[in-house]
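Presented below is the structure to which this report refers.
The values are calculated or read from the model by the stated rules, or taken from the named source; none is laboratory data. Please read all numbers here as calculations on a predicted model, not as lab measurements. Heads up, the Cβs are rebuilt from the backbone with ideal geometry, glycines too, and the neighbour counts pull from every protein chain shown. Please note that ligands, DNA and RNA were not included when accessible areas were found on the heavy atoms of the full protein model with its side chains. Shrake-Rupley method; radii C 1.70, N 1.55, O 1.52, S 1.80 Å.
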Amino acid sequence: MKHKNQVFDNVLDLIGHTPLIKLNKIASKFKGNFYAKVESFNPGHSSKDRIALYIIEQAEKKGILSPGDTIIETTSGNTGFSIAMVSIIKGYDCVLAVSSKSSADKIDMLKTMGAKVYVCPAHVSADDPRSYYQVAKRLHEEIKGSVYINQYFNELNIDAHYKSTGPEIWKQTEGKITHLVACSGTGGTISGTAKYLKEQNPNVKVIGVDAFGSVIKKYHETREFDEKEIYPYRIEGLGKNLIPTATNFDVIDEFVKVTDEESAHTARLIAKSEGMFVGYTSGAAMQAIMQLGELGEFKESDNIVIIFPDHGSRYMSKVYSDKWMNEQGFFDSKNEAAAQNIQY
Ligand code: PMP
């Protein structure tokens, strides 16, 4: 961080160095010490600031990008926001192809940050010309002097976390981390962080979090792509219907699957128990902890780090809307009390 007396040259100087915050209540029934790496403290409010800055600066170093050029990406919102933010500071145009599954808030935010946004249908296959992958590819071909970040297939995504998130966690835990639990979307966060941590201590156990409806966990176990695993689900940014090369499956020990419903309730519980207003995938990662805890995964001396990738404000029309929760049927089967807005 380049700063003097807390005065910074621009927002980019605040990327990284996010706090590790002890979770005091939510997992207290389990053995072990639980810490959240709270990525919403990045200036763009998510872990994606790290990869946006790193990948763009690597392209600048290689002489691929110069001011006025266009940066293109497919994104569930967070990466787009981060690229838009970096683009503003560095003088690039930002063009984003986003999934229709992304919340309206996220899309409005991207536009506010100066990005040109193309909304593409969520439930078509990756090779369909309407998919956000194909739209981004086409735009990359059409726009002269453009760079396609391609986060799912860009190994610099892994490097960004290898160089920042991993070392930060190692230092913050004074090398005492025993478990890393993180959601896997592109897989960049978990792969880069895990690679660094395992180089320091091969015994650190790395647990990925996947969604029901995603192929990632099955692929990790069989190294085969099983189409039968794929069906629609609601959590944005978690799991995938393809195998990203930005995931290094070799540094991940196991995957845990979580449901949309339980993850939503757990996200709400994080706010109510820890005072942390975080995103849906933070709820998913915490839900994985709850499941692992019930199975007796942790012991008293363990230091478990959970990545909370983004901020809750991006989900006001979803997980933090009682109306949305009701529409999903999430209040019917499990938590009637929540429907009445009674304390969890
Ligand atoms: N949570 C959210 C909200 C995300 O947008 C993403 C990225 N798609 C992830 C988690 C997963 O991070 P990664 O892509 O590094 O696996």
Is there any pair with a first residue in the range 155-178 that is modelled with pLDDT of 95 or more and a second that is of a type in the set (Gly, Ala, Ser) and not in a helix (DSSP H, G or I) whose Cβ atoms are under 7 Å apart and which are 6 or more apart or on different chains, and what are they? Glu155/Ala246; Asn157/Ala246; Ile158/Ala246; Ser164/Gly16; Glu168/Gly16
Being under 22 Å from Asn33 (Cα atoms) and either open to solvent by less than 10 Å² (accessible area, probe 1.4 Å) or not acidic (Asp, Glu) (or both) is true for just one of Leu238, Leu269. Which residue is that? Leu269
Unmet criterion (only one of (1) in contact with a Leu (Cβ under 6 Å, 6 or more places away or on another chain); (2) surrounded by fewer than 21 Cβ atoms within 10 Å (Cβ to Cβ); (3) part of a helix (DSSP H, G or I)) for Ala126: (3)
Quick one: is Lys106 under 19 Å from Gly44 (Cα atoms) and touching a residue at least 60 places away in the same chain (Cβ under 8 Å)? yes
Can you pull out every residue in the range 197-213 that is touching a residue at least 12 places away in the same chain (Cβ under 8 Å) and surrounded by fewer than 24 Cβ atoms within 10 Å (Cβ to Cβ)? Lys198, Gln200, Asn201, Asn203, Lys205, Val206, Ile207, Phe212, Gly213
Given the structure, is Ile64 in contact (Cβ under 8 Å) with a residue 40 or more places away in the chain, buried (at least 24 other Cβ atoms within 10 Å of the Cβ) and over 30 Å from Glu294 (Cβ atoms)? no
Does the range 22-40 hold any residues that are touching a residue at least 24 places away in the same chain (Cβ under 8 Å) and either surrounded by fewer than 17 Cβ atoms within 10 Å (Cβ to Cβ) or assigned to a helix (DSSP H, G or I) (or both), and which are they? Asn24, Lys25, Lys29, Lys31, Glu39, Ser40
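Residues are listed down the side, and each one gets a yes or a no for (1) closer than 14 Å to Val209 by Cβ; (2) without any contact (Cβ under 8 Å) to a residue 12 or more places away in the chain; (3) within 14 Å of the ligand (Cβ to nearest atom):
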{"residue": "Phe255", "(1), (2), (3)": "yes, no, yes"}
{"residue": "Thr259", "(1), (2), (3)": "yes, no, no"}
{"residue": "Ser273", "(1), (2), (3)": "no, no, no"}
{"residue": "Ala288", "(1), (2), (3)": "yes, no, yes"}
Which one is most open to solvent (accessible area, probe 1.4 Å), of the residues in the range 272-293 that are out of contact with any helix residue (DSSP H, G or I) (no Cβ under 7 Å at 6 or more places or on another chain) and more than 15 Å from Asp310 (Cα to Cα)? Lys272
Among (1) in contact with a Gly (Cβ under 9 Å, 6 or more places away or on another chain); (2) within 16 Å of the ligand (Cβ to nearest atom); (3) of a type in the set (Asp, Glu); (4) open to solvent by 60 Å² or more (accessible area, probe 1.4 Å), there is one condition Asp250 misses while meeting the rest; what is its number? (1)
Looking only at the range 69-104, how many residues end up being surrounded by fewer than 21 Cβ atoms within 10 Å (Cβ to Cβ) and at pLDDT 90 or above? 7
Could you check, for the range 187-196, whether at least one of its residues is in contact with a helix residue (DSSP H, G or I) (Cβ under 6 Å, 6 or more places away or on another chain), of a type in the set (A, V, I, L, M, F, W, C) and open to solvent by less than 10 Å² (accessible area, probe 1.4 Å)? yes
Within the range 16-34, identify whether any single residue is within 16 Å of the ligand (Cβ to nearest atom), of a type outside the set (Val, Ile, Thr) and touching a Ser or Thr at 6+ places or on another chain (Cβ under 6 Å), and answer yes or no. yes
Checked Asn5, Asn78, Asn42, Asn10 against criteria (more than 20 Å from Gly275 (Cβ to Cβ) and within 16 Å of the ligand (Cβ to nearest atom)); the one match is Asn78
Only one of these is more than 15 Å from the ligand (Cβ to nearest atom) and in a strand (DSSP E or B): Ile56, Ile64, Ile72, Ile88. Name it. Ile72
So, of the residues in the range 1-21 that are polar (S, T, N, Q) and touching a residue at least 40 places away in the same chain (Cβ under 8 Å), which turns out to be surrounded by the most Cβ atoms within 10 Å (Cβ to Cβ)? Thr18
